[in-house]
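Novice: Following this message is one structure expressed as structure tokens.
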Amino acid sequence: MMKSIVITTTINKRKHELEVHPNTTLLDLLRDELGLTGTKRGCEAGECGACTILMNGQAVNSCLVLAPQIDGQEILTIEGLADGDKLHPLQESFLDHDAVHCGFCTPGMLMSAKSLLDRNASPTELEVRTAISGNLCRCTGYQQIVDAVLETEPVKRET
Amino acid sequence: MVGKHKIIGKPERRVDAWGKVTGKAKYAEDYTVGHQLWGKVLRSKYPHAKILSIDTSKASELLGVEAVLTAREIPGSNVFGIVVKNQQILADERVRFLGDGVALVAAKSKEIADHALALIDVQYELLPVVSDPEEALRPGAPLIHGDTNEFVHHKVRKGDVAKGFAEADFTIERKFKTQFVEHAYIEPEAVLAEPAEQGGVKITGSVQNLFSSRRSVAEALGISLNRVQIIQSTLGGSFGGKDEVMTSMCCRAALLAGRTGKPVKMVNTREESMLESYKRHPYVLYYKWGAKKDGTITAMEIRVVADGGAYASMSPFVTWRSVVQATGPYYCENVKTDVYAAYTNNNYTGAMRGFGSPQVDFAIESMMDELAEAVGVTPLEIRMKNGFEGGAVTATGQKLAHTVSLKEVLSKAAQELGFEEKWRRYRDAKAVAKRRGVGLACSYRGVSLGAEGVDAAQTTVSVQTDGSVIVSSGVTDMGQGAQTQMAQITAEVLGISVDRIQFLNTNTSGVADSGPTVASRGTVMGGLAAKNAAEKVRATLLEVGSELTGTPVDALDLADNYLVNERTNERLASFGELTAACFNKGRPMIGLGWHKAPRTSWHEEEGKGDAYFTFVYGANAAEVEVDTETGRVNVIDFVSVHDVGKAINRAMVTGQMCGGVAMGLGYGLLEEFEIEAGIPKQLNFDEYLIPTSMDVPRIKTVIVENEDPAGPFGAKSVGEPTNELAAPAIVNAIYNATGKRVYEIPANLERVFLGHKLTRHDKRGSEQKNAFDAVMVESCKVRGGSE
Amino acid sequence: MIPKFDYVRPDSLRQAIKQLAASGTRIHAGGTDLLGCLRDRVFTADKVVSIGGLSELGGIKRASDGGLTIGALTTLAQLASDPVILKDYPALAQGALSAASPQLRNQGTLGGNLCQRPRCWYFRGDFHCLRKGGNLCYAVGGRNDYHCIFGGDACYIVHPSDTAPALVALGARVHINGANGSRTIPLESFFVPPGKDITRENVLAPNEILTNVSLPAPAPNQRSSYRKMRARGAWDFALAGVALSLRFGVGGEVEGARVVLSGVAPMPWRVAEAEKALTGKRITEDTARAAAEICIKGAEPMEYNGYKVNLVRALVEEALLALR
């Protein structure tokens, strides 16, 4: 019989001690166990990027992370991007640039964009396009998303 | 209303975007209730087979399984279909494509449901597979339904083509082919069905066209329409794709919920989604044009065969748009167009953004460039010579009474890219390895359903005592922004800011049947219904305001969230005070808006009619770089110009244009859903490639506005026309660069390199091939079904 | 759904190797290929051994001989951005950067990239093909658009790695630890052609772990590159690619060359004849074209993958000229 594993992890700045089945993906853990449904399930194969979250500041596909892998790690999901009711500058910029159409790729896009801006406060268009090249969007043609990231006010960028 | 618009035309933030950037928006899979069961579908093992027996006993006995259903256990009707009722919720005697469902399981967990599926024993007898639409129309082909595979034949007749060809100085005859295309909405299908009172059911799901799905659920359960409530969750993209595939999912979940008395959730994996969902039709197009030396087109004879796949779906409507628009926006006195659809054992094909136009536009616009070359003029010149102007009579005999802006959009697209100069320069350039080229494409497109459908929609506006407003509509939002444009229209009419409006997700029990949100009808139909509703509320509010202030109604206006005296600009009451007064006086707080589309007509036998009440015009110009040693095409510049009548929200119109071009670029260069002997090859995004941020260039968008009285504030449509021109513009640009024309899309490496698919001589004899097909079929235990 | 398995997290390499003794055991590092294979039932696992936390397997270190030792757990993102690799072994950085997506590069490891299973759609699908113990290669008569044009033998996969061809060109060796001790072999001989054993792609025994990869010190006038052609602009396996490592003499002539193709064979495909043809010559349009022609000699395209021949020729020529 499969043994469950106890892990401790920080998700959106809150500590959790969780008992997980090892075949549970981080995506399933977030959505089904923790109710954090902002992270989206699109392909479960690392081929769409809708489930992108930050693990220790790095953008990863949560569908390809096993729950035990986050033991001792720090996770940030879309639910942790805003500071309470105060939206992150990237979120404001997405709203201003109409970078959100159906919205299903949006949480993953925002996480990829955040990981870029955290290491590079004023990226070029090519850098932005590269950073979101692992996030498929079928609605926007990417242009308004690229503009939203490029025009996120540097002074307001926070890590 | 007097003066300029305050809300219309402004880039307002979307009313539904806050939830989407915070992760709080609820999509179908995000709905969970206590004690819900997981529903799963056992799908067919073969593309075409007789079902001999289904043994569900082992699955039923599995611990945690609460129901196993087959076609026999369906209390009501097992068949559905918007035009032709020949699709089954569960196959009873025969499976016709690999995505057909055979049995259902509801269990306490996904794992148990998966396990139960593996325990269902289905015995099949294999039937011959037909996977090619032209083969399917030949005598002796395996039959999919009834006694013929031909289920659509639309025609258009004008003048006399024989006479037209006799008058011609030359003819151009070409064959074109297009591919299956997956919608590739990033959100896979999902529903939650909950049993409701009196044998009813409440369904929350990613449903595009709620009313047709509701009808099928009611018929499947054998209950009346008012007992079935379908609520649309936030939709993660649809592009025409969440129609029948959602109808069957709704029916299945409802059947399981009815059987178990418990909520049932069903979610497709990506593999299940790609396996079962319908696609954009592949077309084979035979175009023959006769023309004079000066470029005048004297005759067009067009024959098109569409692969309808296993079921009728929207094919009759999709192909009807094709037949109406098959000649493009060009004058021609003699036209004979025939469009056929054939059943095959492939995925069925239905509505997808463009709805029958991307295929014919690829052919028309390629032909137009060939005509230009034959005549010795530029692609722009040939289009300016033959393109429609105001009052033109179309191939179907319709006189265009609106502003015909074809030449305006064409010139703007050409000018923005520097088309004429570049086209000449690239044509005459030296034959180096990497070559540039530019291409042009344009179209006209009928707005809304046209003459084949009943076309009416409802939107309701209700004001609250605090001055906030609720809007709901039968026209649905799937990401294109329908809610926002209806909210802007409502805000404009009521003189309030958009943030006062809360838009309710569409609920079949809350609004009247408004037909499907397809065919570029969202803005016009939903928008005019919203305008109609808001105007009723406005009239009431102004009356109340007049009673309240003693100012005559015609001196009153609603602006900036206030009731104002239009003559003195004095603010007489806040909008909230006004709505409170309306309530206290017992006056109606709600406006029910209804819009029925203007009259259209169609004579199927004569192939003539006033097909659509108005049209939109668009032009795209592409610049590419082609590596002639590899066939690799990079799109380096792109201009998209569309006359949208009036942009309700400029940012959203721009977004539609960019998104449409990106999808069109995928159509022209990249995407192909391959089906081999009835078996799809790509079931996830590692194999079915859609454009990434690195594939789409920066797109220059030009919005042209010739207001049309047929739409709200002059607005028409933008979602679909933006998707139909990128492929031909790119293919024409490839020709300009290389001198080689691609007749089959996608224009992938080998087609661009050689102009055709590079294949080695097929050594296998037909006997061997049949043996291979049989092995393929034998081994096609498809992933989605066994998980 | 990923089927159930037991999960162990050994705290040393020795413990990990011990855990591998049981049959039905799989190694978990980045997990990007493992999870997909388990989910799609390409193979099964009773037990999964996590090696992600083993510090012995991480890090990029200068070796005493001036070369570089790269731990198997180094991510593709680290390979693509490491200043030493960018400077001394650009082919490897380019290979790593051209693979997959940013997210997958943050997750995927070098060891995993070298050991990943093929992407053949029949192998990944539910076809019981030769590589999975069946008796038929479906690609032979089926859709073989993305299959090999060299080295096919009953099975026609291509090796999917973009780092492997670069590393072979750079003369990499791999270090392998197992229950019976450790061994170091040239990366070139790490891969197993289908003619030798159709069920696996490398020489790793079930109880062995690839621990690190070492690169020789770069020669003073060495230049390297990796170039690949894919169907879309990002996030796609190579339709064809070429890794080059060239050592130039003082007069600009090639003193030593390695030419390794990707995306066209069941393993990184070294073209010794092209290497020989380049040696002693300067890179000109003529020598580049001649070497490219040699590279496509003996290609055996199938029904749908003939386009790869053109790709190889164009890529090799272009890559050689770019290194001039």
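Novice: Suppose every K and R has +1 on its Cβ and every D and E has -1 on its Cβ; what is the size of the dipole of the protein assembly as shown about the Cα centre, in Debye to the nearest 20?
Specialist: So the magnitude is around 1580 debye.
Novice: What do the square roots of 5 times the Cα gyration tensor eigenvalues come to for region C:222-322, in whole Å, largest first, as semi-axes of the equivalent ellipsoid? Provide the component values of the computation, followed by the final result.
Specialist: Numbers: eigenvalues 113, 40, 25 Å².
Those come to 24, 14, 11 Å.
Novice: If you place +1 on the Cβ of every Lys and Arg, -1 on the Cβ of every Asp and Glu, and leave all else neutral, what size is the dipole of chain C about its Cα centre, to the nearest 20 Debye?
Specialist: For chain C, the charge dipole is close to 400 debye.
Novice: Please sort C:187-200, C:290-303, B:346-359 by packing, taking for each peptide the average over its residues of neighbouring beta carbons within 10 angstrom, highest first.
Specialist: Sorting C:187-200, C:290-303, B:346-359 by mean packing, highest first, produces B:346-359, C:290-303, C:187-200.
Novice: Turning to a different aspect of this structure: Would you mind pulling out the separation of the Cα centroids of region A:13-73 and region B:623-639, in Å?
Specialist: The distance from the Cα centre of region A:13-73 to that of region B:623-639 comes to 39 Å.
Novice: To make sure I understand, if each residue's beta carbon is the centre and we count other beta carbons within 10 Å, what order do B:I501, B:I745 fall in, fewest to most?
Specialist: Placing the least packed residue first, the sequence is B:I501, B:I745.
Novice: With no solvent and one point per C-alpha, what does the Debye sum give as log10 I(q)/I(0) for region A:89-153 at q = 0.16, 0.18, 0.27 Å⁻¹?
Specialist: Treating every Cα as an identical point scatterer, log10 I(q)/I(0) equals -0.40, -0.52, -1.29.
Novice: Treating only the Cβ atoms of Lys and Arg (+1) and Asp and Glu (-1) as charged, compute the dipole magnitude of region A:89-153 about its Cα centre; round to the nearest 20 debye.
Specialist: Its charge dipole is roughly 340 debye.
Novice: Something else: Taking Cα centroids, how far is region C:204-233 from region B:443-473 in Å?
Specialist: 59
Novice: For region B:237-336, just list the percent of Cα-Cα distances falling in each 5 Å bin from zero outward, please.
Specialist: 2, 10, 16, 15, 12, 10, 9, 7, 6, 5, 3, 2, 1, 1, 0
Novice: Between B:R599 and B:A392, what's the calculated FRET efficiency when r is the beta-carbon distance and R0 is 25 Å? Round to 0.05.
Specialist: Calculated value: 0.80.
Novice: Within 10 Å of each Cβ of C:49-62, how many other protein chain Cβ atoms are there on average?
Specialist: Taking the mean over all residues of the peptide, I get 1.
Novice: Can you give the local net charge around C:P206? Use residues other than it whose beta-carbon is closer than 12 angstrom to its beta-carbon, Lys and Arg +1, Asp and Glu -1.
Specialist: Counting the neighbours of C:P206, the net charge comes to +2.
Novice: A follow-up question, please. For peptide C:303-312, how many partner chain Cβ atoms fall within 10 Å of a residue's Cβ, on average?
Specialist: Mean inter-chain Cβ contacts per residue within 10 Å come to 6.
Novice: Could you check the simple spin-label distance between B:F583 and B:A166, using points 7 Å along Cα→Cβ, in nm with one decimal?
Specialist: About 7.7 nm, to one decimal.
Novice: Taking each residue of C:112-125 in turn, how many C-beta atoms of other protein chains fall within 10 Å of its C-beta, and what is the average? Can you show the working numbers first?
Specialist: Working: counts 0, 0, 0, 0, 0, 0, 0, 2, 0, 6, 3, 0, 5, 11.
That works out to 2 on average.
Novice: How big is Rg to Rh over the protein assembly as shown, alpha-carbon atoms, Rh as the Kirkwood inverse-mean-distance radius?
Specialist: My calculation of the ratio gives 0.97.
Novice: Report the Cα centroid-to-centroid distance between region B:61-137 and region B:174-252 in angstrom, as an integer.
Specialist: The two parts, judged by their Cα centres, are 17 Å apart.
Novice: Any chance you could run the full-extension gain for B:H35 through B:T148? It's 0.36 nm times the residue separation minus the Cα-Cα distance, nm to one decimal.
Specialist: Working it through step by step, the gained length comes to 35.9 nm.
Novice: Each label point is 7 Å from the Cα along the Cα-to-Cβ direction; what then is the distance between the points at A:N56 and B:S60, in nm?
Specialist: Going from the A:N56 label point to the B:S60 one covers 5.4 nm.
Novice: While we're looking at this one, here's another question. According to a simple spin-label model (label point 7 Å from Cα along Cα-to-Cβ), what is the distance in nm between C:S12 and C:R183?
Specialist: 2.4
Novice: Sticking with this structure for a sec: Using a/c under 1.5 as the rounded threshold, could you call region B:405-539 rounded, prolate or oblate? The axes a ≥ b ≥ c are square roots of the C-alpha gyration tensor eigenvalues, and prolate needs a/b larger than b/c, oblate otherwise.
Specialist: Here region B:405-539 falls in the prolate category.
Novice: Further question on the same structure: Any idea how many Lys pairs in region A:1-124 come in under 23 angstrom at the alpha carbon, given 8 or more places apart or on separate chains?
Specialist: Lysine pairs, 8 or more places apart or on different chains, close enough: 10.
Novice: Continuing with the same structure: Around A:R14, with a cut-off of 13 angstrom between Cβ atoms, what is the net charge of the other residues, counting Lys and Arg +1 and Asp and Glu -1? Before the final figure, lay out the partial values.
Specialist: Working: positive: A:K13, A:K15; negative: A:E17, A:E74, A:E79.
Net charge around A:R14: -1.
Novice: Another question, if that's okay. In region A:5-80, what % of DSSP beta bridges are antiparallel (nearest 5)? Present the calculation step by step, with values, prior to reporting the outcome.
Specialist: Numbers: 14 of 16 bridges.
Of those bridges, close to 90 percent are antiparallel.
Novice: Using only the Cα atoms of chain B, build the gyration tensor, take square roots of its eigenvalues as a ≥ b ≥ c, and label the shape rounded, prolate or oblate: rounded if a/c is under 1.5, else prolate if a/b is larger than b/c, else oblate.
Specialist: Values: a/c = 1.86, a/b = 1.06, b/c = 1.76.
The shape class here is oblate.
Novice: Now, a different point. Round to the nearest 0.05 the FRET efficiency obtained for A:Q73 and C:K4 when R0 = 30 Å and r is the Cβ-Cβ distance.
Specialist: 0.85
Novice: Could you work out how much longer the chain between B:V377 and B:K50 gets when fully extended? Use 0.36 nm per residue separation minus the Cα distance between them, nm to one decimal.
Specialist: Values: separation 327, 0.36 × 327 = 117.72 nm, distance 5.76 nm.
So the extension gain works out to 112.0 nm.
Novice: Pairs B:K596/B:K716; B:K175/B:K399; B:K407/B:K646; C:K281/C:K308; B:K175/C:K228; B:K10/B:K596: which are spaced more than 24 Å apart, C-alpha to C-alpha?
Specialist: Over 24 Å Cα-Cα: B:K175/B:K399; C:K281/C:K308; B:K175/C:K228; B:K10/B:K596.
Novice: Sort A:K86, C:K18 so the one with the fewest other Cβ atoms within 10 Å of its own Cβ comes first.
Specialist: With the sparsest Cβ surroundings first, the list reads A:K86, C:K18.
Novice: Of the listed peptides B:197-206, C:57-66, B:656-665, what is their order by residue-averaged count of other C-beta atoms within 10 Å, with the highest listed first?
Specialist: Details: B:197-206: 20.6, C:57-66: 13.7, B:656-665: 29.3.
Going by the mean number of other Cβ atoms within 10 Å, highest first, we get B:656-665, B:197-206, C:57-66.
Novice: For the protein assembly as shown, with the dipole built from +1 on Lys and Arg beta-carbon atoms and -1 on Asp and Glu ones, taken about the Cα centre, which of B:N736, C:V254, C:P10 lies farthest toward the positive end?
Specialist: It is C:V254.
Novice: Taking the Cβ of C:G171 as the center, what net charge do the other residues with Cβ under 9 Å away carry, scoring Lys and Arg +1 and Asp and Glu -1?
Specialist: +1
The numbers here are math on the coordinates, done by the rules we state, and not lab data. Quick caveat, the model's predicted, so the values are computed rather than measured. Every residue, glycine as well, gets a Cβ built from its backbone with ideal geometry; the counts of neighbours run over all protein chains shown.
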